[in-house]
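Notes for the one structure printed next.
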Amino acid sequence: MLKTTGKEYLEPTMTEDATNVPSSDNTKLIKDWSSVRDIRQETNTFGTRLLENKEDVWHHNAWDHVEWNEEQEIAAKQKVSLQSNNPMKLEDRQIFLKNPSEYWNTFYKHNENKFFKDRQWLKIEFPELHHTTNNESGNQKIFEIGCGAGNTMFPLLSVNKNPNLFIYACDFAENAVQVNNKEYDPKHCKAFVWDLTNKGIPIEYIEPNSLDIVVLIFVMSAICPNDWIQVVDNVYNMLKPGGLVLFRDYGKYDMVQLRFKEGRMLSDNFYVRGDGTRVYFFTSDEIEKIWGSKFSIEQNAVDRRLINMVTRKI
Ligand SMILES: C[S@@+](CC[C@H](N)C(=O)[O-])C[C@H]1O[C@@H](n2cnc3c(N)ncnc32)[C@H](O)[C@@H]1O
């Protein structure tokens with residue numbers, strides 16, 4: 001399930017220097033580097049590819065840092081306004097607003113485990129996650145929601161030294177949730193089908209106020225804005241007080257957004273891909289507003305036009 005071959009999940013290439021955002025909780029690991037500029041590493045691996053010379057543009061399939069100048073900003077705004085002046089036809093919009101899991105199910109049927117990659121940046125951006133795998137970290141309950149191919153759960157299980165770590169993982173697409181990965185160990189994990197927009201939490205698996213960490217990586221963007229309040233409520237009800245949400249998702253004007261043609265926009269910043277799956281592009285203010293009603297925001301950084309956020313249940 002985790003083995004990835006062929007197509008990579010290409011992440012956006014426009015970059016902004018991610019900041020070293022200190023944590024308000026001094027028991028937590030201090031994040032002193034970012035996926036954009038890894039100050040501990042001199043190699044030219046992903047995370048350190050800065051496009052300094054235009055001629056080198058084809059040297060890598062993705063660059064981490066491209067200057068975002070005024071000209072590009074204007075071009076991006078023009079592109080988005082072209083998209084919004086030519087939205088999807090009203091009668092077609094209903095098709096994609098109904099039964100979104102069907103499109104993801106088809107996606108996983110065709111791609112199985114080939115599409116998404118293990119994320120090297122997980123360890124860098126969310127050191128809290130790897131911390132749970134330490135032998136001395138005690139009882140830790142993590143829930144990866146919208147887990148897809150399990151790109152967070154399985155890498156964590158593969159390095160786990162903590163006998164008291166338990167990871168739940170769910171997706172609303174049945175074909176995504178498979179248990180045939182060699183790392184799938186029922187003593188340490190449970191995968192199931194669940195829709196995060198459901199009214200109420202999956203109590204058959206997860207007790208209220210019981211989780212230490214909820215992981216949402218490129219999931220909220222797939223959800224209709226009308227359902228965001230329910231999402232925040234559900235996550236809140238599952239986390240214990242002091243529990244964390246680790247969130248990463250698309251930011252506004254990401255290259256993925258700018259590549260959309262006319263006729264794909266459902267509503268502002270919300271689009272339908274060619275395969276019927278949906279994607280929203282957030283501003284960090286928006287993210288803060290959505291989560292800030294119930295959580296304290298510990299980090300909210302834009303990095304390569306991706307939004308990284310850590311919030312804590314008060
Ligand atoms: C872009 S993929 C990201 C997958 C995975 N988190 C990762 O980073 O590799 C979005 C995932 O969210 C799932 N998803 C979308 N809406 C969902 C919902 N309402 N409830 C549960 N899963 C959902 C999709 O099926 C898909 O697997």
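Bear in mind that the values in this text are calculations on the coordinates, not laboratory data. Keep in mind that this is a model prediction, so the values were computed, not measured. Positions of Cβ are generated from backbone atoms using ideal geometry, with glycine treated the same way; all protein chains shown enter the neighbour counts.
Below is a table of values for the structure above.
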| read-out | value |
| --- | --- |
| Length gained when the stretch Asn135-Lys261 is fully extended (0.36 nm per residue, less Cα-Cα span) | 40.4 nm |
| Listed pairs Lys240/Lys289; Lys123/Lys252; Lys89/Lys199; Lys77/Lys199; Lys123/Lys240; Lys109/Lys190 exceeding 27 Å between Cα atoms | Lys89/Lys199; Lys77/Lys199 |
| Order of Met265, Met255, Met220 under a 10 Å beta carbon neighbour criterion, fewest first | Met255, Met265, Met220 |
| Relative contact order (%) - criterion: Cα under 8 Å, at least six apart; region: segment 86-313 | 20 |
| Distance in nm between pseudo-label sites at Asp185 and Ser210 (7 Å out along the Cβ direction from Cα) | 2.1 |
| Label point distance in nm, Asp233-Leu90, each placed 7 Å from Cα along Cα→Cβ | 2.9 |
| Neighbour-count ranking [beta-carbon atoms within 10 angstrom, fewest first] of Ile217, Ile314, Ile95 | Ile314, Ile95, Ile217 |
| FRET efficiency, 1/(1 + (r/R0)^6) with R0 45 Å, evaluated for Thr283 and Ser158 via beta carbons | 0.80 |
| Cβ-derived FRET efficiency at R0 41 Å, Leu82 paired with Val193, nearest 0.05 | 0.60 |
| Pairwise centroid distance, computed over Cα atoms, of segment 189-227 with segment 258-304, Å | 18 |
| Val279, Val235 arranged by Cβ crowding within 10 Å, fewest neighbours leading | Val279, Val235 |
